[in-house]
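Shown next, in structure tokens, is the structure this report addresses.
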Amino acid sequence: MSSFSKHKKEEAHKAILQKACKPIKDGIYNGYQEAALAFKIPVSTLQQHYLMKTQPHKEAHEEQQLLNSAAEKVLVDWLRYLGLTGHALSKCTIAQRYLTTVASIPPRDGS
């Protein structure tokens with residue numbers, strides 16, 4: 001599965017969860033189970049989303065990544081720029097930029 005279609009699926013799932021939460025807030029459904037049945041989603045999934053106990057996968061595991069979100073954005077923007085300007089990408093140039101990016105972004109707390 002391409003990352004584009006995976007992203008679209010995640011967005012569609014999130015939209016369904018948000019649509020299911022609104023009637024609960026408005027009092028149309030008496031609880032999670034009624035809303036979950038109406039929207040054909042698991043009760044536990046709806047409850048955890050409603051109570052904001054879950055995060056997107058990328059945010060939940062950010063501390064396990066080599067780059068934090070800011071450093072990743074810098075690197076991705078630079079790679080897109082090189083691609084648009086017709087410069088060849090190689091592991092060597094990416095590694096050099098990675099090292100300068102990591103050096104310029106402060107480390108996370110606790111690292």
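Within 10 Å, at most 15 other Cβ atoms, and a DSSP state outside H, G, I, E, B define an exposed site. Report the longest part of the chain free of exposed trypsin sites (Lys or Arg not before Pro).
It works out to 54-107.
Hey, with R₀ at 35 Å, roughly what FRET efficiency would Glu72 and Thr45 work out to, going by the Cβ-Cβ distance, to 0.05?
Working: r = 28 Å, r/R0 = 0.79.
The computed FRET efficiency comes out at 0.80.
Enumerate the calculated ³J(HN,Hα) couplings along the range 81-94 in order (Karplus 6.51 cos²θ - 1.76 cosθ + 1.60, θ = phi - 60°), each rounded to whole Hz, writing x wherever the residue is Gly or Pro.
So the Karplus estimates, Gly and Pro as x, are 4, 4, x, 5, 8, x, 7, 6, 9, 9, 4, 5, 5, 5 Hz.
If Lys and Arg each add +1 and Asp and Glu each add -1, what is the summed charge of the other residues whose beta carbon sits under 15 Å from the beta carbon of Lys40?
Computed value for this residue: 0.
Under the 0.36 nm per residue contour assumption, what length would be gained going from the current alpha-carbon distance of Thr93 and Glu11 to full extension? Before the final figure, lay out each step's value.
Working: separation 82, 0.36 × 82 = 29.52 nm, distance 3.32 nm.
Extending this stretch completely gives an extra 26.2 nm.
Computed from the coordinates by the stated procedures, all read-outs in this text should not be read as laboratory data. Since the structure is predicted, the reported quantities are computational estimates derived from the model, not experimental observations. Positions of Cβ are generated from backbone atoms using ideal geometry, with glycine treated the same way; all protein chains shown enter the neighbour counts.
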